[in-house]
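S.K.: First, the structure itself, so that you have it in front of you.
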Amino acid sequence: MSRLALFANCQAWPLYLLLSSLTDLSEVYCLDINGYGSPEFRQAADKALAGSEDLTIVTHPLSDHFGEYATAQLRLNYRVLTTTNIYFNGLHPDITYVGGFQQRVPSPMGDYHSKIVLASFLHSLSEDECLAKFTTETYQRAGFFDTYHTACEELLARDEGIDIKFASQFIDKIPRQPALFSMNHVSISLLRDQAKEIAAAIGAKWMDFPIEYLLNPMSSGPWWPIYPEIAERHNLSYRTPFAFKLSDQEPLFSLEKFICQSYIGYRDFSGLHESPTALDLKSNFSHLLQY
């Protein structure tokens, strides 16, 4: 029986659950690279990488930033296959990060910020004025409607050179079935399809249980709505309420509350105006907020 070590971002845990539950692999190890640098990550990686004779590594492409766990380094000693890292902002073009990897500035939605809300705050708009900017005209002027096609092109381009490709299949299914809680938190139905591709690539037997049997840890994290105008523009067969959720421990909340809580957080963060994201938004969104 073979072993699998899975190196990935937040998508690692649901893929781990699927591959450990629905295949005949003897061991599956989950290495969430968001924990890179911690003693816990080192301990888990040492356990997973002990012995190479029956081990396959499936990984998102990892740069030299990840040291000995960079894909190029792992290939020197192990059988390594890369798989698609699903990042698709075409349904959630308003989301942005503030701060770099492992240095994110928090918001009421964890690491996720709204470009419209942040730009409105930086331009000293009131909360009511900010709310009034969530319109078709703003989305059009901001290029939000065009982001879908750009996201498709970028995902396909990133899949070039990937061993276990999933971009094309993912893009094909977006209009017909709920795909994303946010731009990189993926629905269980799509993750199941990707896990099935991984199993086939490494020669593991796949047992295709109904979707209702399956658990997705990502569903307990943030839910960002698909704005109605964006769903309409891209002919999605489904809709989401215009409400936000941070976690299972907290109730859904409205756009008005999200704006209010974001503004409170921004007032308390002294370094906001100097962050590269804020400077970029303040410059590029100025013309969008003055109509």
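S.K.: Only one of (1) touching a residue at least 60 places away in the same chain (Cβ under 8 Å); (2) in a helix (DSSP H, G or I) fails for GLN169. Which number is that?
M.R.: Answer for GLN169: the failing condition is (1).
S.K.: Please go through the stretch 224-270 and pick out each residue that is of a type in the set (Asp, Glu), over 21 Å from ARG176 (Cα atoms) and touching a residue at least 24 places away in the same chain (Cβ under 8 Å). Lay out the reasoning, then the answer.
M.R.: Here is the first cut: in the stretch 224-270, the residues of a type in the set (Asp, Glu) are 229, 232, 248, 250, 256, 268.
Add one more test, that the residue is over 21 Å from ARG176 (Cα atoms), and what stays is 248, 250, 256, 268.
Listed by number, the residues that qualify are ASP248, GLU256.
S.K.: Still on this structure: Just give me the residues in the stretch 255-272 being hydroxyl-bearing (Ser, Thr, Tyr) and in contact with a strand residue (DSSP E or B) (Cβ under 8 Å, 6 or more places away or on another chain), in sequence order.
M.R.: SER262
S.K.: I've got another one for you. Tell me, please, whether a residue that is surrounded by fewer than 19 Cβ atoms within 10 Å (Cβ to Cβ), closer than 18 Å to ASP94 by Cβ and out of contact with any strand residue (DSSP E or B) (no Cβ under 6 Å at 6 or more places or on another chain) can be found in the stretch 160-167.
M.R.: Scanning the stretch 160-167, I find no residue that is surrounded by fewer than 19 Cβ atoms within 10 Å (Cβ to Cβ), closer than 18 Å to ASP94 by Cβ and out of contact with any strand residue (DSSP E or B) (no Cβ under 6 Å at 6 or more places or on another chain), so the answer is no.
S.K.: State whether the residues of the stretch 135-158 include one that is among the hydrophobic types (A, V, I, L, M, F, W, C), assigned to a helix (DSSP H, G or I) and surrounded by fewer than 16 Cβ atoms within 10 Å (Cβ to Cβ).
M.R.: yes
S.K.: Of SER189, SER247, SER219, SER237, which residue is of a type in the set (S, T, N, Q), surrounded by fewer than 18 Cβ atoms within 10 Å (Cβ to Cβ) and in contact with a Lys or Arg (Cβ under 7 Å, 6 or more places away or on another chain)?
M.R.: Among SER189, SER247, SER219, SER237, only SER237 is of a type in the set (S, T, N, Q), surrounded by fewer than 18 Cβ atoms within 10 Å (Cβ to Cβ) and in contact with a Lys or Arg (Cβ under 7 Å, 6 or more places away or on another chain).
S.K.: Is the stretch 75-89 home to any residue that is surrounded by fewer than 15 Cβ atoms within 10 Å (Cβ to Cβ), part of a strand (DSSP E or B) and either within 18 Å of the chain's Cα centre (by Cα) or modelled with pLDDT of 95 or more (or both)?
M.R.: Checking the stretch 75-89: not a single residue is surrounded by fewer than 15 Cβ atoms within 10 Å (Cβ to Cβ), part of a strand (DSSP E or B) and either within 18 Å of the chain's Cα centre (by Cα) or modelled with pLDDT of 95 or more (or both).
The values are calculated or read from the model by the stated rules, or taken from the named source; none is laboratory data. Quick caveat, the model's predicted, so the values are computed rather than measured. Backbone-built Cβ (ideal geometry, glycine too); neighbour counts: all protein chains shown.
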